[in-house]
Structure formats: structure tokens, C-alpha cells
Ligand SMILES: Nc1ncnc2c1ncn2[C@@H]1O[C@H](COP(=O)(O)OP(=O)(O)OP(=O)(O)O)[C@@H](O)[C@H]1O
Ligand SMILES: [Mg+2]
């Protein structure tokens, strides 16, 4: 039982992995920019993008934790389309105020001023009487930029620097994000630059472009699958740190099965850990753990979506999977399908609606879930049977 509780692998979304591997270039770019900003020089904002489960939040949190050690005042937010941006900001700023223990007076006043400038979405009544909601329109924050300037001045006055960390940036309302982006941009021209780090799905760049076109010149890192060696490190290092050796063949199988997808790495490694006894994970442990975990993940990630596909949609995903991972132009997919992109645009739209593919940029399509192409190949005969009825035949 203690073996089980000692499991180092972390499957919860956004959880810090026991070894954050394969993201050195991204981490050091963020570290460099944060140091630059701390020293008073402007630095290019950085955005981590990638499909679900690629490790964007984990990396953003790691960078934020490092920034916290460099004296940063961090406003960390996760905007969503269903919440007024002002409320999201307000909570982020309140958290930052709480985290900045025993605030010097000027900084405390800076925090108070900005919190006052932001409308509350709900107001807590005293003596545990609950909360009342106030409608807080999105755009009624005329003082936000002024208040951010005051907070920035107060932060610098106290020898600290201001950092925004925005997760799920693709969900942030354009008008709300514009205040923060414009503010950060304006400070770049001063001796007190504020810094911004963000993470979001592919498409974040296009979303930010709507906020301000100069965000095109920010630095974007697309997080992708880890290499085989990185995957092995992500599994072997945490086990070794707990005195557990993984047999080379077992490690090989785990790397193959998880295919470098960070979320799968944690899931498969965790299942293997739970199957082992003593101080070694054997090939037998891994072989016992894999089928159940594969069923679970296939069910969660792919089966539910794929069950809903029509024969024509099955043909489309088969054609797309043949092109391999990554985004493809709709023209390439149509050519693989043996037709024109106009002819199959309605199938594409249906697949977008069914959440199987999405458009990371105009004229492009990509599977929404990592390793979908592998899933399609592994289930090819069944999908081909279902596609058989399709009136649009591939290769014609
Ligand atoms: N570099 C890494 N090495 C190993 N495991 C990682 C790495 N990065 C993240 N993970 C693990 O992968 C899983 C997914 O990470 P995370 O939630 O950060 O992804 P995400 O890209 O933010 O996903 P989402 O788009 O759903 O928010 C977590 O279990 C995390 O611990
Ligand atoms: Mg995330």
C-alpha cells in the first residue's frame, strides 16, 4: 500500500510532473525574459501553445514558480468566455495581494486601488450570510489601465516587478485582454516594464492577433510530443528517485505506448507503478497495466467522439490520419481524399462540430486530440468498414 501512495506520477490536469522534461528551450527563454524584465529591460512576451494535455499549464506554473523566486508580483489568471474579464482579473489581483506577504504600504495602496477599480461579480456578505451577485459589464473598467500603472509603479518602488501569467488565453475575451496587452506593451517603453507569459491552445496566436496585431511579434513556442529519450527520462527519473528500477524492456514499452504525449506518460507510468511490487518495475508489470489503461484512455479520448461519425466522416478522418500528425491544409486533405476541398467542406464542418478536428488557422485542419492519427491506424479495419458506405469514395 505504501508503494501505491508513494506513486510519483501525476495525472491531474496542470499538476507538476515529477520530472518536467523536454521543455528546456522554453524554460530558459522564459527565465531569460523574466530576468531581463526584472532588470528593467523590456522583454518579448512568451506564449506556450499546444493541444490538450501537452503540458502548457505545467510549464507555465513552473515559470511562474521561478518568477516568484525572483521577486516578481505575479497576477495569474485563467480567463473564460463565461466570466467577465474584470472579475477574472479581480480574483487574480486579490490572489497576488494575498501571496505578497506583509505588503509595504505603497504596494498595499496600489493593490487596493486596482481592486477598487474592478467591479465585483459577486459580493460576499459579512458573517457567512452568503454572496449576492452584481452584474458587472465587460467593458466598464475605464480605470483598469490607470490602476495597473499605479500598481506597476508601486511594485517597482518596492524593488519588485510585475508579471502576468495567463492560462487558457484563447478563451479570454478580446476586449478584456486588450487592456492587459496594451498596458504591458506601453510599459515596454519605460524603465518599469511589466512582463507577460501565457499559455493556450493552438489558435491562441490568431486570438491574440485580434487583441492587438503587434502580438504577432511575441514569441510563440508550440509544445509537442516528447522524444523517446525524453519520455524515458520522464518515467525513469522519478522512479529512480524513489529507489525503483525500471527494466529496460518495461521502459521501452511504456515509451512506445505513451508515444511522448505528456498526459499519457503520466497515466501509463502511474498504472505501471501501481502494478509493481518491491523495488523494480518489470516488463510483466507493464504488460499487465497497459491493456486496462489503453481501454480507459481510448474510451475517454477517442471512442465517444468516433462512435458519432457518419461513414463520410470516417472516410475523412482516415484520409487525414494517412497524412500523419500535425496540422494539414484542407487542400492536402482533399487531395488525399481524392476530391476538392469545396466538395468536402460540409464534412469538415461536421467534424469540427463533433470536436474531432479544429482549425488552428484559416485553411488548416488538425485533430483536436493528440495521437488521433495513431488511434485511427490502430482501428483502421473497423473504421474502413464503417466508411465503406460513404458515397464519396477516396482515391476517385
Ligand atoms: N514535460 C513534461 N514531462 C512529463 N509530464 C508532463 C510534462 N508536462 C506536463 N506533464 C504532465 O502532463 C499532464 C498534462 O499537463 P497539463 O495539464 O499542463 O497540460 P495542458 O497542455 O495544460 O492541458 P490542457 O490543454 O488540457 O489544459 C499532467 O499530468 C502533467 O503533470
Ligand atoms: Mg492547461
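All of the numbers you see were taken from the coordinates with simple rules; none came from a lab. Bear in mind that the values here come from a model prediction, so they are computed numbers and not experimental data. Cβ atoms come from the backbone with ideal geometry, glycine included; neighbour counts cover every protein chain shown.
Can you put 89, 364 in order, fewest other beta carbons within 10 Å first? Don't skip to the answer; put the middle values down first.
On the way: 89 25, 364 19.
The order, fewest Cβ neighbours first, is 364, 89.
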Next on the checklist: How far apart, in nanometres, would the label points at residue 10 and residue 304 be if each is projected 7 angstrom from Cα along the Cα-to-Cβ direction?
Outcome noted: 2.5 nm
Next on the checklist: To test your reading of the geometry: what angle, between 0 and 90 degrees and rounded to tens, separates the Cα axis of helix 24-38 from the longest principal axis of the chain?
Outcome noted: 10 degrees
Checklist entry - Among 26, 241, 256, whose mean-square fluctuation peaks in a Gaussian network model of the chain (Cα, cutoff 10 Å)? => result 241
Checklist entry - Based solely on its DSSP helices, what 222 nm [θ] is calculated for the chain when runs of n ≥ 4 H residues each add -39,500 (n - 2.57) and the sum is averaged over all residues, nearest 500 deg cm²/dmol? => result -15000 deg cm²/dmol
Next on the checklist: If I take every Cα pair under 8 Å that is 6 or more residues apart in the chain, average their sequence separation and divide by the length, what percent do I get for the relative contact order?
Outcome noted: 18 percent
Checklist entry - Nearest 0.05, what FRET efficiency do residue 385 and residue 296 give at R0 = 22 Å with Cβ-Cβ as r? => result 0.35
Checklist entry - Which of 291, 202, 370 moves the most in a Gaussian network model of the chain with Cα springs under 10 Å? => result 291
Checklist entry - By counting other Cβ atoms within 10 Å of each Cβ, how are 162, 36 ranked from fewest to most? => result 36, 162
Checklist outcome for this item: The alpha-carbon center of the stretch 179-226 and that of the stretch 304-325 are separated, in whole Å, by 34 Å
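Sort the stretch 24-222 into rounded, prolate or oblate with this rule: let a ≥ b ≥ c be the square roots of the eigenvalues of the Cα gyration tensor; rounded if a/c is under 1.5, and if a/c is not under 1.5, prolate when a/b is larger than b/c, oblate otherwise.
Here the stretch 24-222 falls in the oblate category.
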Next on the checklist: As a footprinting exposure proxy, order 74, 235 by other Cβ within 10 Å, with the fewest listed first.
Outcome noted: 74, 235
Next on the checklist: Under the rule a/c < 1.5 gives rounded, and otherwise a/b versus b/c splits prolate from oblate, where does the stretch 247-299 land using the Cα gyration tensor?
Outcome noted: prolate
Checklist outcome for this item: So, relative contact order of the stretch 237-319 in percent, Cα under 8 Å, 6 or more apart, is 28 percent
Checklist entry - In the Gaussian network model of the chain, springs joining C-alpha atoms below 10 Å, which of 113, 98, 56 carries the largest mean-square fluctuation? => result 98
Checklist entry - With a ≥ b ≥ c the root eigenvalues of the C-alpha gyration tensor of the stretch 308-387, is it rounded (a/c under 1.5), prolate (a/b larger than b/c) or oblate? => result rounded
Item to check | Helix axis angle, 174-187 relative to the chain longest principal axis, alpha carbon, degrees | outcome: 60 degrees
